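For reference, the structure discussed in these notes is given below.
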Amino acid sequence: MFGMNPITGAMMDSLFWSASLLGILLLFGTFLRVKISWFKNYYISASLVAGVIGLILGPEVLAIIPKDVINSWGAISGRLITIVLAPMLITGSLPKLGKLGRVTGAQSTWSYLATAAQYAIPCLLSVFLFTPVFGVNPLFSSVVEQGWAGGHGTAGGMKMVFDALGYADGASLSITSATVGLLYGVIGGTILINYAARKGYINRNVISHDDNKPELFEKPQWETGSNITISRNVIDIFAFHAGLVGAAVVLGYLLMTIFKTYFHFTLYWFIAAMLGGLIVQILILKTKWNKCIDKPTMSRIQGIALEFLVAGAIASVKITIIVKYAVPLFIQQGAFMIIMPALLLFFGKRLFRENWFENTIIVFGTACGVVATGFLLLRLIDPELKTEAAEAFAASRPFCSPFIAGGVLTSMMPGLIATYGNLTVGLVWTAVFVGIVIFAKLVGWLRFSEV
């Protein structure tokens with residue numbers, strides 16, 4: 001039915017076996033993450049540690065874990081991105097700017113500028129350097145934004161897109177890009193903070209995060225991960241929200257099928273599922289069921305999928321592919337280690353009237369690694385979050401996350417490059433970059449003179 005093949009008992013056994021082994025790796029990753037302080041200092045997640053362990057134990061290094069299991073983990077990761085994105089727009093409300101309108105707009109502008117640069121520059125580098133000199137596939141240009149702004153979750157989830165376009169190397173390169181971006185986000189961001197402190201951009205001492213704060217909570221420190229919005233006599237709250245996610249996934253599949261059948265357009269399932277989530281939200285927005293949507297519970301469902309996605313995606317990286325692309329990868333990633341801080345220092349002073357460095361560094365960390373990286377860097381200089389940076393960042397996400405850094409545009413980029421070529425796509429994104437600057441100037445978010 002609906003073009004799906006039946007799942008046999010043997011297939012389910014293989015799925016359970018592979019998923020359970022991946023769960024064991026996550027446990028080991030958690031133990032090491034808590035035990036080794038270096039991982040904490042650089043905000044390395046347990047799923048990232050687990051993925052590296054799987055990579056070492058896999059056929060690319062020690063060959064302890066069979067290739068079939070590693071391939072299964074890669075396939076699981078490619079599907080879990082659908083679960084991560086499906087609830088993105090099921091929030092119980094539609095996005096609003098709120099009282100932080102100007103700062104939210106400035107942070108959104110900075111986010112889109114960073115993303116446009118991560119689209120445009122790699123495309124143009126591929127046209128004039130990587131493809132003619134090194135002979136790399138044109139789709140190589142898409143891995144910067146997927147890895148840096150998108151993070152490991154997005155990078156792992158893009159496997160499905162690359163496979164559909166016949167570029168099997170793309171998933172491993174994207175994961176590598178995410179790893180480089182994450183490490184650079186922390187290390188480069190810390191260097192920027194010290195530079196800003198010396199230059200007087202920060203009106204307070206640089207304060208490191210609390211290394212003594214325990215990560216295994218005692219009972220009085222336990223945090224609530226979700227809220228019970230429906231009586232347990234009716235349904236478990238996770239089951240209710242899983243049903244909403246399931247509805248979004250099914251609607252997404254139907255949208256994907258409609259676009260392919262009637263419009264001859266490939267809409268990837270995980271993006272279609274996010275649109276399905278928007279349909280679910282609209283349908284129940286004015287009903288009594290809307291108040292039953294609990295964002296923390298949705299976050300827990302996304303979190304479970306994301307942890308398994310990251311671990312499986314990293315474990316299935318092909319090291320031989322990284323070696324093959326070593327030189328162009330070094331040039332590409334190294335270029336953005338210079339470009340990102342240059343953009344921060346130029347636009348930060350001109351976008352924000354107050355606390356410009358705090359407002360800029362949180363987006364910088366997110367655009368290089370993950371949201372946690374952004375907050376880590378912000379807490380180094382604003383440990384009690386007294387500035388508006390964190391609140392404005394949260395308010396800007398509904399205007400950014402559905403589209404960039406793992407959103408619709410991220411998923412579309414490989415297809416656009418395959419269809420129109422890097423030159424066209426690169427020039428379009430260069431024009432978009434300029435257009436964002438002009439728009440921000442016209443609405444008063446951007447000044448060409450420094451504060």
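Values computed for the structure shown
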| quantity | calculated |
| --- | --- |
| Extension gain, residue 13 back to residue 295 (0.36 nm per residue minus Cα-Cα distance, nm) | 98.3 nm |
| 310, 437 arranged by Cβ crowding within 10 Å, fewest neighbours leading | 437, 310 |
| Links that overshoot a 25 Å alpha carbon limit, given the list 260/286; 40/295; 199/386; 286/386; 40/318 | 260/286; 40/295; 286/386; 40/318 |
| Residue order, fewest to most beta carbons within 10 Å, for 382, 163, 68 | 68, 163, 382 |
| Gyration tensor verdict on the range 389-435 (Cα atoms; rounded if a/c is under 1.5, prolate if a/b is larger than b/c, oblate otherwise) | oblate |
| Cα-derived Rg over Rh, computed across the chain with Rh taken as Kirkwood radius | 0.95 |
| Packing rank of 177-188, 129-140, where each peptide gets the mean count of other beta carbons within 10 Å, highest leading | 177-188, 129-140 |
| Alpha carbon Rg of the range 232-295, scaled by the compact-globule rule 2.2 N^0.38 Å | 1.28 |
| Cα-based reach from residue 441 at 23 Å (exclusive), listing lysines while leaving out same-chain residues under 8 positions away | 96, 99, 349 |
| Distance between modelled label sites at residue 408 and residue 194, nm, 7 Å Cα→Cβ extension | 4.3 |
| Potential extension, residue 337-residue 226 segment - 0.36 nm per residue separation minus Cα distance | 36.2 nm |
| Contour minus Cα-Cα distance for residue 260 and residue 31 (0.36 nm per residue) | 77.9 nm |
| Burial ordering of 224, 82, fewest other beta-carbon atoms within 10 Å first | 224, 82 |
| Within straight-line cross-link reach of residue 35, aspartates and glutamates at Cα separation under 17 Å, skipping those fewer than 8 residues along the same chain | 210, 211, 215, 218 |
| Sparsely packed chymotrypsin sites (Phe, Trp or Tyr not before Pro) within the range 263-327, loop by DSSP, other Cβ within 10 Å at most 14 | 263, 265 |
| Euclidean distance of C-alpha centroids, the range 276-315 and the range 15-35, integer Å | 23 |
| Residue-averaged 222 nm ellipticity for the chain, from DSSP H runs of 4+ at -39500 (n - 2.57), nearest 500 | -22000 deg cm²/dmol |
| Sequence-separation-based contact order of the chain, relative, with Cα cut under 8 Å and 6+ spacing, percent | 31 |
| Cα gyration tensor category, rounded, prolate or oblate, for the range 297-346 with a/c compared to 1.5 | oblate |
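All of the numbers you see were taken from the coordinates with simple rules; none came from a lab. Source: prediction; values computed, not measured. Positions of Cβ are generated from backbone atoms using ideal geometry, with glycine treated the same way; all protein chains shown enter the neighbour counts.
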